[in-house]
Amino acid sequence: MSKDFVENYENLSNEEIVSRINGGDFELLKVIIERFLPQIHFYADRYCAQSEREDAVQEATYALYSAVKNYDAQKSSFSTFAALCIKRSVISSAKRLKNRKKIPDELLSPIDEVEITDSNSPEKIFFDRESYKNLTDSIRLELSRLEYSVLQLFLSGKRYIEIADALGISEKSVNNALLRIRRKLKK
């Protein structure tokens with residue numbers, strides 16, 4: 001990343017940059033990442049083994065992006081929110097990598113011995129489409145009209161507040177609808 005690019009935005013607060021990113025100026029993600037990279041590395045060094053740090057840094061960088069997307073200025077400063085997201089991500093990554101079970105060598109087979117079949121045959125594509133249609137039809141039957149609308153917007157990447165605005169309901173109603181959806185779809 002160009003140092004000049006970052007320096008052009010050094011006078012902007014984190015909150016201003018986040019607001020611009022959420023407004024569509026995605027180039028400014030570079031600035032936020034540059035600002036929080038030392039903190040990401042600090043937590044990765046603190047909580048992860050040497051061999052796990054690269055994975056933890058990648059996951060923490062994604063957590064930072066998620067923090068940008070979900071930041072609510074009414075609740076805290078961006079620095080506080082981002083630090084919490086980064087720290088939790090690194091700790092979760094460290095725990096997951098620590099608890100990962102090693103696959104015994106006798107269960108592994110060399111890659112050249114694995115036979116790969118053509119998974120894009122016309123029959124498979126037809127049956128996959130049929131299965132997808134059946135799944136969406138059963139979901140549509142299980143959910144109410146509001147729940148289905150909430151689910152579609154949520155799966156398209158909308159935040160709770162955006163879903164609430166689009167459907168003319170409260171954020172609490174969106175949250176409750178998503179809880180009902182999860183419960184129904186687990187059945």
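The values are calculated or read from the model by the stated rules, or taken from the named source; none is laboratory data. No experiment lies behind these values; they were computed from the predicted model shown. All Cβ positions, glycine included, derive from the backbone under ideal geometry; neighbour counts span all protein chains shown.
Observations
- Selected residue (criterion: farthest from the chain's Cα centre (by Cα)) from residues of the stretch 131-164 that are surrounded by fewer than 14 Cβ atoms within 10 Å (Cβ to Cβ) and within 27 Å of Ala73 (Cβ to Cβ): Ile161
- Members of the stretch 37-88 that are among the aliphatic types (A, V, I, L, M) and either assigned by TED's automatic domain parsing to the domain that holds Glu162 or closer than 19 Å to Arg159 by Cβ (or both): Ala63, Leu64, Ala67, Val68, Ala73, Ala82, Leu84
- Residue list for the stretch 130-183, filter: touching a helix residue (DSSP H, G or I) at 6+ places or on another chain (Cβ under 8 Å), assigned to a helix (DSSP H, G or I) and charged (D, E, K, R): Arg140, Glu142, Glu147, Glu162, Glu171, Arg180
- Selected residue [over 27 Å from Ser66 (Cβ atoms) and in contact (Cβ under 8 Å) with a residue 40 or more places away in the chain] from Glu123, Glu130, Glu142: Glu142
- Number of residues in the stretch 145-172 that are in contact with a Leu (Cβ under 8 Å, 6 or more places away or on another chain) and farther than 16 Å from Lys69 by Cα equals 7.
- Among the residues of this structure, Ala73 does not count as one that is under 25 Å from Ile163 (Cβ atoms), of a type in the set (Gly, Ala, Ser) and surrounded by 13 or more Cβ atoms within 10 Å (Cβ to Cβ).
- Candidates Ser19, Ser66 - the one that is surrounded by 17 or more Cβ atoms within 10 Å (Cβ to Cβ), within 20 Å of the chain's Cα centre (by Cα) and either among the aliphatic types (A, V, I, L, M) or in a helix (DSSP H, G or I) (or both): Ser19
- Residue check for Glu27: in a helix (DSSP H, G or I), in the same structural domain as Lys69 (by TED's automatic domain parsing), of a type outside the set (A, V, I, L, M, F, W, C) and at pLDDT 90 or above: no
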